[in-house]
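What follows is a single structure, written as structure tokens, with notes after it.
The values are calculated or read from the model by the stated rules, or taken from the named source; none is laboratory data. Quantities reported herein were computed from a predicted structural model and do not represent experimental measurements. Reconstructed Cβ throughout: ideal geometry from the backbone, glycine too, with neighbour counts over all protein chains shown. The protein model used for the area step is the full one, side chains on, heavy atoms only, and it has no ligands, DNA or RNA in it. Shrake-Rupley method; radii C 1.70, N 1.55, O 1.52, S 1.80 Å.
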Amino acid sequence: MRAVVTDIDGTITDSARRISLAAIQEIRRLVDDGIPVVLASGNTLCFMDSIAKMIGTSGAVIAENGGVWRHEYPVEPVLEADRKVTLAAFEDLRGHYTARGVELDLYSHALRHADVAFARNVPVDEVRRLLAGHPVRVLDTGFAIHLQQVGVTKATALAALASAMGLELSDFLAIGDSENDVEMIKEAGAGAAVGNAVPSAQAAADFVATAPFGDGFVEAVRHYLP
């Protein structure tokens, strides 16, 4: 493996979103050894830029579940999805729930370029059923429900980002925990899941760590890049 791509929430953080110091140390070890680390999340680009700077990577990030990516600082971000598609689906969904007295709590609405994210206060399976006629994927990350344009994933963004970095998908070790990581885990050169990963992520992985969260991330990295 020549590079690593990792999810953040639930992979290098715990369920309360506290980041693992062991995971940060491992990422810095990789970077210092000349191995690029890409951070990939459903979160916003501005959040990803900040956490990448603070952890100490080059700034290669995938945000909004593949909807936006950036090669490095200060290169302009690349938008991979049309937010009009996800907003149209969300407005239909909001109309359905508002009529029933339920408000959908949007996350970082003004800061998003591609997807829509909202609180998990409605059943995700019901959301999928209600939006079956829209060209969107409904993703449950365990932290939020996301609507993303069909065909856009962390893996599609990673393929484009890898090319910008002079690498191939096969050069990457991908590590994650949630259903929004499945394609990335499957399509990278090697895929790993932390011990707390959902069954679909574990099934997609070549290696499943025994430890959860940040300790599982370190275990997976050491398995491939001792």
**Complete:** Magnitude of the Cβ-charge dipole (Lys and Arg +1, Asp and Glu -1) of the stretch 140-183 about the Cα centre, nearest 20 debye, reported as 160 debye
**Request:** Calculate the dipole size of the stretch 172-226 relative to its Cα centre from +1 charges on Lys and Arg beta carbons and -1 charges on Asp and Glu beta carbons; express the result in debye to the nearest 20.
**Result:** 140 debye
**Prompt:** When the solvent-accessible surface of protein heavy atoms is calculated with a 1.4 angstrom probe, in what order do Lys84, Lys154 fall, highest first?
**Reply:** Lys84, Lys154
**Request:** Find the centroid of the Cα atoms in the stretch 51-65 and in the stretch 117-166, then give the distance between the two in whole Å.
**Result:** 19 Å
**Message:** Let's see if you can work this out: charge +1 on each Lys and Arg Cβ, -1 on each Asp and Glu Cβ, no other charges. What is the dipole magnitude of the chain about its Cα centre, in debye to the nearest 20?
**Reply:** 280 debye
**Fill in**
Contour minus Cα-Cα span, Ala88 to Ala22, at 0.36 nm per residue, comes to 19.6 nm
**Message:** Accessible area of the stretch 126-188 with a 1.4 Å probe: how many percent of it is carbon plus sulfur?
**Reply:** 48 percent
**Message:** How much length would be gained if the chain were fully extended between Thr98 and Val31, taking 0.36 nm per residue of separation minus their Cα-Cα distance, in nm to one decimal?
**Reply:** 19.4 nm
**Request:** Using a Förster distance of 22 angstrom, determine the FRET efficiency expected from the C-beta separation of Met1 and Ala203, and round it to 0.05.
**Result:** 0.60
**Item:** Virtual paramagnetic centre 7 Å along Cα→Cβ of Arg120, amide N under 11 Å, in the stretch 10-32
**Value:** 10, 15-16
**Fill in**
In the stretch 1-101 the accessible area split gives carbon plus sulfur, as whole percent at 1.4 Å, a share of 54 percent
**Item:** Dipole axis of the stretch 163-226 (+1 Lys, Arg; -1 Asp, Glu on Cβ), positive-most option in Phe172, Ala211, Gly189
**Value:** Ala211
**Complete:** The answer for the chain, accessible area per residue at 1.4 Å probe in Å², is 42 Å²
**Message:** With both bridge residues required to lie in the chain, what share of the DSSP beta bridges run antiparallel, to the nearest 5%?
**Reply:** 50 percent
